[in-house]
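Reading through the structure tokens given below for one structure.
The values are calculated or read from the model by the stated rules, or taken from the named source; none is laboratory data. None of these values were measured; they are calculated from a predicted model. Note that we place each Cβ from the backbone using ideal geometry, even for glycine, and neighbour counts take in every protein chain shown. What goes into the accessible areas is simple: the full protein's heavy atoms, side chains included, and nothing from ligands, DNA or RNA. Shrake-Rupley method; radii C 1.70, N 1.55, O 1.52, S 1.80 Å.
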Amino acid sequence: MKRIISILFLLVFIVAIYLAWMIFGSSTAFSEDRKNIFIRTGSNFETVITDLQTQQVITHPAIFSFIADKLDYTNNIKAGKYSFKKGESIYSIIKTLKSGKQTPVNFIINKIRTKEDLAKKFADNFECSYNEALSLIYNKDTLSKYNLDTNTVMTIVIPNTYSIFWNTSAPKVFKKLLSEKDKFWTTERKAKANALNLSTVQAYTLASIVEEESNKDDDKGKIASVYLNRIETGMTLGADPTVRYAMRDFGLKRIYNKHLNYVSPYNTYKHTGLPPGPICTPSIKTIDAVLNAPSTSYLYFAAQPNLTGYHNFSNTYEQHLVYAKQYQQWIEQYLKAKDSIK
């Protein structure tokens, strides 16, 4: 009898050890250091467990279901992005999911050009769909609440990295960007824009043109001064990037006369002043370069005859033509030499 009891005790002990190992030992089978799981709003337990199994986050779904039921997770599904380390246990996974302890998305915005680009950014980073985001961005009633329209809506985007939960709705992401925009436009920045006779929207719009003209931070302020001087004197801005934007042909390398008559309020060869909205999302450095633009008498600039990306600036059209010709001769020789190598 004692022998039977001992054997039973040993069996119970072995089963207990096995169950403990199944619950608290490594459950994952994926090879990466981490695996991200996305649980959509409205998901049920069956959907979650199927996804966890498919993604190799759990290897014993029956044990997972049993423990999930005991820990009251089966009826407490919380949507979001969850990140699990290689080797995590079933217990740890369930505790994370039940607590709703999400891993936020690093929402990185650099230069984007169109509202469609912004909608795609939303869809690529959050639970909302492209159509949901685009509908919001084009919704005139929503925009009017924030003194925006379909031309100026992109001014809410200050390129940066934002930490936001994956299941945040499109309207809430939109409001997050609005909040960050309001923080960006400090009293000091507003005063600088006002000193240039620009609203914050106009300063942002001018910065978007400068952004497309140069990637050299120490050139941007001077380029901004050219456009500010043109505005003051009543000249058209004559900015090539606005033609590309108007035509939605961002791969267009050179602007020819045939392009200059393209009908659009964004074509600054045909219309004086700034376009009705930005042509891209300028960096913070570019916006500040505009706000701190030096006082100059420059009215023209032309690319320098080299590959540095810098420009030559001039006060007169005659001097500008000299610089433009130098660059034209150089680029023709450069392209010819490049073609001869092929």
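Side notes on the structure shown:
- Debye, to nearest 20: dipole size of region 207-319, +1 on Lys, Arg Cβ, -1 on Asp, Glu Cβ: 340 debye
- Proximal lysines to K270, defined as alpha-carbon separation beneath 21 angstrom and excluding residues fewer than eight positions away on the same chain: K253, K258
- The calculated FRET efficiency for the pair W330 and T41, based on their C-beta separation and a Förster distance of 51 Å, comes to about 0.35.
- Between N229, N257, N139, the GNM of the chain built on Cα springs shorter than 10 angstrom shows N257 fluctuating the most.
- Residue with peak Gaussian network fluctuation, the chain [Cα springs, cutoff 10 Å], from W166, W185, W330: W330
- Cα-Cα over 28 Å, subset of K86/K111; K285/K325; K78/K181; K121/K145; K172/K222; K81/K121: K86/K111; K285/K325; K78/K181; K172/K222
- Rolling a 1.4 angstrom probe over the protein heavy atoms with all chains in place gives region 255-342 an accessible area of 60 Å² per residue.
- Under a model in which nothing but the beta-carbon of Lys, Arg (+1) and Asp, Glu (-1) is charged, the chain shows a dipole of about 580 debye around its Cα centre.
- Where Rh is the Kirkwood radius over Cα pairs, Rg/Rh for region 106-156: 0.96
- Accessible-area rank, largest first, for H259, H60: H60, H259, with all protein chains present and a 1.4 angstrom probe.
- Protection proxy ranking for 62-69, 274-281, using the average of other Cβ atoms within 10 Å per residue and placing the highest first: 274-281, 62-69.
- Folded to 0 to 90 degrees: helix 217-233 orientation relative to the chain principal axis, Cα: 50 degrees
- Accessible area in the full protein assembly, largest first, 1.4 Å probe, for M247, M154: M247, M154
- Crossing angle, helix 61-70 versus the chain [Cα axis fit, 0-90 degrees, rounded to tens]: 80 degrees
- Additional length obtainable on full extension of the chain from D141 to L252, 0.36 nm per residue less Cα span: 36.5 nm
- Taking a straight Cα-Cα cut-off under 26 Å and skipping sequence neighbours fewer than 8 places away in the same chain, the lysines within cross-link reach of K85 are K35, K70, K95, K98, K101.
- Extension gain, N306 to D149: 0.36 nm times the residue separation minus the Cα-Cα distance gives 52.4 nm.
- For a straight C-alpha distance cut-off of 20 angstrom, the aspartates and glutamates reachable from K175 (same-chain residues fewer than eight places away being disregarded) are E116, D117, D124, E127, E132, D141, D149.
- Expected 222 nm ellipticity per residue - DSSP helices of 4 or more, -39500 (n - 2.57), all of the chain, to 500: -16000 deg cm²/dmol
- Between helix 200-213 and the chain there is an angle of about 80 degrees, using the helix long axis and the longest principal axis of the Cα atoms.
- Three-way shape label, region 186-240, alpha-carbon gyration tensor, a/c 1.5: oblate
- The computed percent of Cα pairs over 25 Å apart for the structure shown corresponds, within (i) 65; (ii) 58; (iii) 53, to (i).
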